[in-house]
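In what follows, a single structure is set out as C-alpha cells and then discussed.
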Amino acid sequence: MGSKTPEDHRQGPDPSSAHPIAALNPPKPAVASGLLPGVLEGQDEDGDDDGDNDKSAEPTLTLANGEPSKGNKKKKRKFSKKKAKKAQQTTPPRVPLADLFPNQQYPEGEIAEYAERNLQRTTAEEIRHLSAIKNMDAEFLNDYRKAAEVHRQVRQHVQTIAKPGISMSQLADEIEDGVRALTGHQALDTGDALKAGMGFPTGLSLNNVAAHWTPNPGTKEVILQYDDVLKVDFGVHVNGRIVDSAFTVAPNPVYENLLIAVKAATNTGLKEAGIDARISHISAAIQEVMESYEVELNGKTVPVKAVRGLSGHNILRYKIHGDKQVPFVKTKTSQRMEEGDVFAIETFGTTGTARLRDDLHVYGYGRNEGASLAGVHNHQASAKALLKTIDDNFGTLVFSKRYLERVGAKNYHLGMKSLISNGVVECYGPLVDVPGSYVAQFEHTVLLRPNFKEVISRGDDY
C-alpha cells in the first residue's frame, strides 16, 4: 500500500496519546527519523499394544527331555503402518494454515546478504541492535512468516483468475475470502479482525489510477478489460504484523516493458535495502533503473517515469505506514534504515506525467490515534457509537466501507462525516495520473534482521 511522499504526508499523532496500539510502536531515536509444503508428521497404527508382546508374561512348557516346547510360542501380532495423508491446499485457497502447518512453523522468506553495512557503531546504535534482536523474537518471525505464506497462496490463486471479464468485486471477494479462510479469522465477531486478516482494504487500481481504489458497496461494477493495466495491492496481518505486497496484471503484452521496468526498480530497492542504508541513495538507484526503460504505445515510444507523490514506507505494528519513506525519485533526506525495521519496498512507474492528484472517491478510513471525541458536537451519539465500532474492530488498521459493514455497522454515514471533519478519522481516496496514461506497481515486504535481511513476501510467482 503506497504511502504519500514527505511533502504530502500528514504528520503523525500526538506522541502523548494514550491509545493502546501506540504502546506497541515506541518512538525511535532522532537519528532514525531524519511453500515449503506442509506435512503432517507421524504415523497411525491399526491397533494398540495390549501387552501381548511382554515375554515375561508367556507361560513356558518343557518336553520330557527338558527342552522347551516350540509349539506353545505365541505369534507376534503384526501391525500395519499407514502414513497420514498430507494436507493439501484447495483451489481457491480456503484451508486454514493451521491445518497445513500443524507445527506452526512457517517458511522463511528469501534470505539475502546486505549490500553495504557500516560496522562502526556508537553506543546508541548498539542499544538499538540489542532492542532489534529482542523485538524480532520467535513469535515476531512466526507471525510474519504466517502472514507472508497466506499472502503467497492467495495471490498465486488471484494471478490465475485475474483475467479479462472478471469484476473487481469478485476479485476483491476472492482475495478477502482467501485471507480470512487461511488465517482462520472471518472478521464477523467483535475484535476478530484485530487478531489476523486483512491488513488494509484490497487495492484494485486500473490504468491511470495509481493506487488506493477499492470496490465499494452500491457503486457501479467495474470489469477487467484486455487493454487494462491492473494493480493488485493487498495486505495480510497476524497479530498486527503486516505483510504488504503488490503486483500488476496486464493481459495485453504491449505493456510488458512497463511491467519489467517497475519490477526491476522494486528489485533494485530490495537489493539496496539494509541496515544503515541511506534512503536518499536507495531512491536515486530506483529512479535510475526505472527511467532507463521505454514502452511503445500506439506507435509512439514513451519513457517510463518514476511516480512522484507516492513512496515505499516502513511498517509498524497495526500501522501500515510508519515514519520513514522511500520515494521513487532522487531525494534529499538524512533518514537511514535500521536494524529491526520492516519496510514495504514498492515502486510505481507511469507513462503519464508522474505527478498524481487525489480523486473524489473513497478508498478507506484510518483512526487518528491522537484525536478524541472532545470536539465532536454534531451527530455525537452516532459518532460515538461508530468510533467504538472502529476501535473495537480495527484499531489503527486502515479499513473500508466493506469491512465496516461486515462487522454490522449501519446508518454510519453522518457519524463518519462528523469524525472526519473533527480529525478523529482520516479519509483516503484514490491517487491518479492523467487520463490515458498507465501505471504499474510491484512491492515486497523486507525484514531488516540483525545479520541479514529477509524478503518475507517473496515467492515463486515473482
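Those strands (runs of 3 or more DSSP E) of the range 223-336 in which at least 1 residues are of a type in the set (D, E, K, R), considering only elements entirely within it, cover 230-238, 241-249, 294-297, 300-303.
Applying the criterion of being among the aliphatic types (A, V, I, L, M) and under 30 Å from GLN287 (Cα atoms) to the residues of the range 354-396, the residue that is surrounded by the most Cβ atoms within 10 Å (Cβ to Cβ) is LEU356.
Do we find that GLY349 is small (Gly, Ala, Ser), in the same structural domain as ILE242 (by TED's automatic domain parsing) and not in a loop (DSSP other than H, G, I, E, B) in this structure? The answer is yes for GLY349. Mind checking whether some residue in the range 412-420 is assigned by TED's automatic domain parsing to the domain that holds GLU339 and among the β-branched types (Val, Ile, Thr)? No, the range 412-420 contains no residue that is assigned by TED's automatic domain parsing to the domain that holds GLU339 and among the β-branched types (Val, Ile, Thr). On the given criteria, is GLY218 of a type in the set (Gly, Ala, Ser), out of contact with any helix residue (DSSP H, G or I) (no Cβ under 6 Å at 6 or more places or on another chain) and surrounded by fewer than 21 Cβ atoms within 10 Å (Cβ to Cβ)? The answer is yes for GLY218.
Restricting attention to the range 84-117, the residues that are assigned to a loop (DSSP other than H, G, I, E, B), aliphatic (A, V, I, L, M) and at pLDDT 85 or above add up to 1. The set of residues in the range 230-278 that are among the acidic types (Asp, Glu) and either crowded, with 18+ Cβ neighbours inside 10 Å or in contact with a strand residue (DSSP E or B) (Cβ under 6 Å, 6 or more places away or on another chain) (or both) comprises ASP233, ASP244, GLU272, ASP276.
Screening the candidates LEU397, LEU360, LEU386 for the property of being over 21 Å from the mean Cα position of the chain (by Cα) and assigned to a loop (DSSP other than H, G, I, E, B) yields one hit, LEU360.
Residues in the range 406-435 that are of a type in the set (D, E, K, R), surrounded by fewer than 18 Cβ atoms within 10 Å (Cβ to Cβ) and over 22 Å from the mean Cα position of the chain (by Cα): LYS410, LYS417.
The values are calculated or read from the model by the stated rules, or taken from the named source; none is laboratory data. Everything quoted here is computed from the prediction, not taken from an experiment. Glycine gets a Cβ as well: all are built from the backbone with ideal geometry, and neighbour counts include every protein chain shown.
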